[in-house]
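Only one structure is covered here, and it is reproduced in the block below.
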Amino acid sequence: MEDGQTGVFARSFEDLAVEAERLAPGDGAALARMFEEFNSHAGDVFSLFNMDLSSSQASEILNKLLHDKGRPGYSAFAASVLSTARNVVSSFQSSALRSMLASWVTHLGRTPDEIGSGIWVPLTAMALMGGGMPIPEGGSEKLAQALSQLIQDQGGTILTQRKAQRIVVKNGRAVSVRTSEGEEFQAKQSIVASTSPNHLYLSLLADAEVSPRLFSQAKQFRYGRGCVQIHLALSEPPRWPDSRFTKVGQPHLTDGLDGFTQAIVQGMSDLLPAKPTFTVDCLQILIRLARLQVRQ
Ligand SMILES: Cc1cc2nc3c(=O)[nH]c(=O)nc-3n(C[C@H](O)[C@H](O)[C@H](O)COP(=O)(O)OP(=O)(O)OC[C@H]3O[C@@H](n4cnc5c(N)ncnc54)[C@H](O)[C@@H]3O)c2cc1C
């Protein structure tokens, strides 16, 4: 943190509770209470992730979560769904712990002061402790390689260094893709464009008849919050004020939850954050450490 405090998000609850207590006496017990409150619902909540939410099975679970059996009104869990991340972490004395736990909600597209962000605090913490932040052996590039191999194994071809310029539409159906180099690729079944609505409707489909409503919606499309990644090739590992960080995959640098939320508001207002929060991905260092451990 900007004030010099450091904290480590441990993989086990016991270690995280010890860290919370180190940061501020009493925060270990407060952390246990937060998890206890969520724990009784965790199984039901996590099971919804693998379900069609419109299915009868899901609506049974949702009903169970939102109501107490045999009692009118809504459950305490239902109330917690409307809380904010800032509210959930307000019982912690340590500002480092508050920012360490509440800021993860932005990974789920929430902001710490948004209604509904509260439930993501224990949920993300449990997911992080359970699964960590896995990266492919050999680095992130291996993920792209594995995915492209999957397409090639099914007989697919990947063509790069080409710009899709137009999607050709005939009789209301997208039939081919034209590149800026003048090539044309016919679609057998469909065309999938992994792009933004404005790029799709205003550029790729510029020659096609697009409904005026869709066209004006695309024109009004506004990009959401984003993040920027800068790659640095370092001559040596970063030197951290806390030696434990040498084993942390993603040290974060922040001036706290208030600064973090302020940076979000500035981003939403098309301003560069005065004090951005950084995550310093040190994955190559971790990979080297893992290799050393395997050799030993
Ligand atoms: C800094 C940063 C960090 C992130 N960290 C994580 C993380 O840790 N974990 C995680 O799960 N997600 C992370 N994400 C999100 C993740 O990267 C994206 O959700 C994911 O890459 C989206 O995949 P996509 O295929 O939909 O789009 P993209 O990856 O954006 O791919 C679209 C591709 O289409 C190409 N393209 C666009 N227009 C045309 C055209 N006209 N013709 C030809 N090609 C075109 C683009 O060049 C691009 O290669 C991160 C994102 C950012 C920006």
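Label-to-label distance for residue 14 and residue 265 is 4.3 nm, based on points extended 7 Å past Cα in the beta-carbon direction.
Taking all C-alpha pairs of the chain, those more than 34 Å from each other amount to 42 percent. The modelled label-to-label distance between residue 151 and residue 78, using points 7 Å beyond Cα along the C-beta direction, is 4.6 nm.
Could you calculate the FRET efficiency of residue 221 with residue 186 from 1/(1 + (r/R0)^6), where r is the beta carbon distance between them and R0 is 25 Å, rounded to 0.05? Once the sixth-power term is evaluated, E becomes 0.30.
Extending 7 Å from the Cα toward the beta-carbon at both residue 107 and residue 141 defines two label points whose distance is 2.5 nm.
Per residue, the convex hull spanned by the Cα atoms of segment 141-219 amounts to 116 cubic angstrom. Per-residue ellipticity at 222 nm from helix content only, as computed over the chain with -39500 (n - 2.57) for each DSSP H run of at least four residues, stands at -12000 deg cm²/dmol.
Restricting attention to segment 176-217, which trypsin sites (Lys or Arg not before Pro) occupy a DSSP loop and are surrounded by at most 14 other Cβ atoms within 10 Å? Listed in order of number, the matching sites are 188. The loop-placed chymotrypsin sites (Phe, Trp or Tyr not before Pro) in segment 23-52, going by DSSP, that have at most 15 neighbouring Cβ atoms within 10 Å of their Cβ come out as 49.
Quick note: the coordinates plus some simple rules give every number you see, no bench work behind them. Because the structure is a prediction, the values reported are computed rather than measured. Every residue, glycine among them, receives a Cβ derived from its backbone with ideal geometry; neighbour counts consider all protein chains shown.
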